[in-house]
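Below is one structure; the comments refer to it alone.
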Amino acid sequence: MAEGGLDYHWDSCLKGYNQVNKLYPLSNSSEGYGAEGPEVLGQCPGQTFQVSLLLSHLLAAPAFTSDVLLQPYLSSWDELVRFMEALGPMVGLISKEIETKTSIIRQLALLADEESAAQNTLHHTSAYHSVRSMIRAELSHGMVNFHHQTDSGCRTLLRLHRALLWLKLFLEKLAETPVAGRFRSPAELCREAYQSTLAHHHTWFVRRAAELAFIAMPERGFFYRLVCVHNQEEFNKVLNKVAQAIGEVYDRTQGALEENGMLDLP
């Protein structure tokens, strides 16, 4: 995420999306599945955020042996934005910036496709088909600046990549074993995940705004309802599926950025 880009948007709420996406069926509850719990995830009626859609997009993103397809990657972020919005308007300070970042990459992809159409080269794969194809294209066109801020897709991806680690860590913490029989609050876990990830890249103002968002975060029972489960055991099964899928996408993106010296783009 842009360092300070949230300073002027932290009190904004992101508009909802209205996409039609493929579901990853069928149930989040362990009822009827025996001791092994749920094998697949289903739609949660009446909710904007759908964990089944998130998992579906995440599973569709990995390509070949080390690449990530950008369309399902960005669709995953659409659903993660809905997840953050469901946690309350204060968390919109981060989701708003994420919407800006995904829009940048989508606009760059659209411009690249329009340029290809003008040159009658539509039979070629889009430069923004995947993470690695975007990196190659932007490097070859001199779009990536290693010393100054730009709106390149690579720099934008790095900001999304950092935020993805925060959410992955947060979900993993929500699935932690209780300490002395007591679960730590989601607010405490989210703050801890943020402080070890995104906080290192944000201004003091943004960090303070994030602290306010965490204070207002719902209790654990809200998260059960959000993913349509009844208890922590079922919740853990869902979280582990999603965190594992995020981890695969994160690791592949990390590898591509690291290989090209892009982990510290300004």
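If we scan segment 252-263, do we find a residue that is in contact with a helix residue (DSSP H, G or I) (Cβ under 9 Å, 6 or more places away or on another chain), modelled with pLDDT of 95 or more, hydrophobic (A, V, I, L, M, F, W, C) and assigned to a helix (DSSP H, G or I)?
yes
Every residue in segment 161-215 that is assigned to a loop (DSSP other than H, G, I, E, B) and either of a type in the set (G, A, S) or farther than 20 Å from L87 by Cα (or both), please.
Of everything in segment 161-215, those that are assigned to a loop (DSSP other than H, G, I, E, B) and either of a type in the set (G, A, S) or farther than 20 Å from L87 by Cα (or both) turn out to be A175, T177, P178, A180, G181, S185, S196, H202, T203.
For segment 192-240: of the residues being among the basic types (K, R) and surrounded by fewer than 19 Cβ atoms within 10 Å (Cβ to Cβ), which is nearest to L58 (Cα to Cα)?
If we take residues in segment 192-240 being among the basic types (K, R) and surrounded by fewer than 19 Cβ atoms within 10 Å (Cβ to Cβ), then R225 is nearest to L58 (Cα to Cα).
Within segment 209-230, identify whether any single residue is hydroxyl-bearing (S, T, Y) and farther than 24 Å from L69 by Cα, and answer yes or no.
yes
Can you confirm whether G32 is small (G, A, S), assigned to a loop (DSSP other than H, G, I, E, B) and either closer than 18 Å to F223 by Cα or at pLDDT below 85 (or both)?
Against the criterion (small (G, A, S), assigned to a loop (DSSP other than H, G, I, E, B) and either closer than 18 Å to F223 by Cα or at pLDDT below 85 (or both)), G32 qualifies.
Among the residues in segment 10-25, are any at pLDDT below 75, of a type in the set (G, A, S) and farther than 22 Å from Y250 by Cα?
Scanning segment 10-25, I find at least one residue that is at pLDDT below 75, of a type in the set (G, A, S) and farther than 22 Å from Y250 by Cα, so the answer is yes.
For segment 85-97, check the following and say yes or no: at least one residue is buried (at least 21 other Cβ atoms within 10 Å of the Cβ), of a type in the set (A, V, I, L, M, F, W, C), in contact (Cβ under 8 Å) with a residue 40 or more places away in the chain and within 23 Å of G255 (Cα to Cα).
Checking segment 85-97: not a single residue is buried (at least 21 other Cβ atoms within 10 Å of the Cβ), of a type in the set (A, V, I, L, M, F, W, C), in contact (Cβ under 8 Å) with a residue 40 or more places away in the chain and within 23 Å of G255 (Cα to Cα).
I need a count of the residues in segment 134-161 that are surrounded by fewer than 17 Cβ atoms within 10 Å (Cβ to Cβ) and not hydrophobic (A, V, I, L, M, F, W, C).
Total meeting the criteria: 10.
Quickly run through segment 44-60 and pick out the residues that are farther than 16 Å from V81 by Cβ and outside any helix (DSSP H, G or I).
Residues satisfying the conditions are C44, P45, G46.
I'm checking my understanding of the structure. Among residues of segment 162-188 that are within 18 Å of V238 (Cα to Cα) and either surrounded by fewer than 14 Cβ atoms within 10 Å (Cβ to Cβ) or among the basic types (K, R) (or both), which one is nearest to the chain's Cα centre (by Cα)?
By that ranking, first place goes to K168.
The values are calculated or read from the model by the stated rules, or taken from the named source; none is laboratory data. Small disclaimer: the values here were computed from a predicted structure and weren't measured. In this analysis, Cβ positions are derived from the backbone assuming ideal geometry, glycine residues included, and neighbour counts consider all displayed protein chains.
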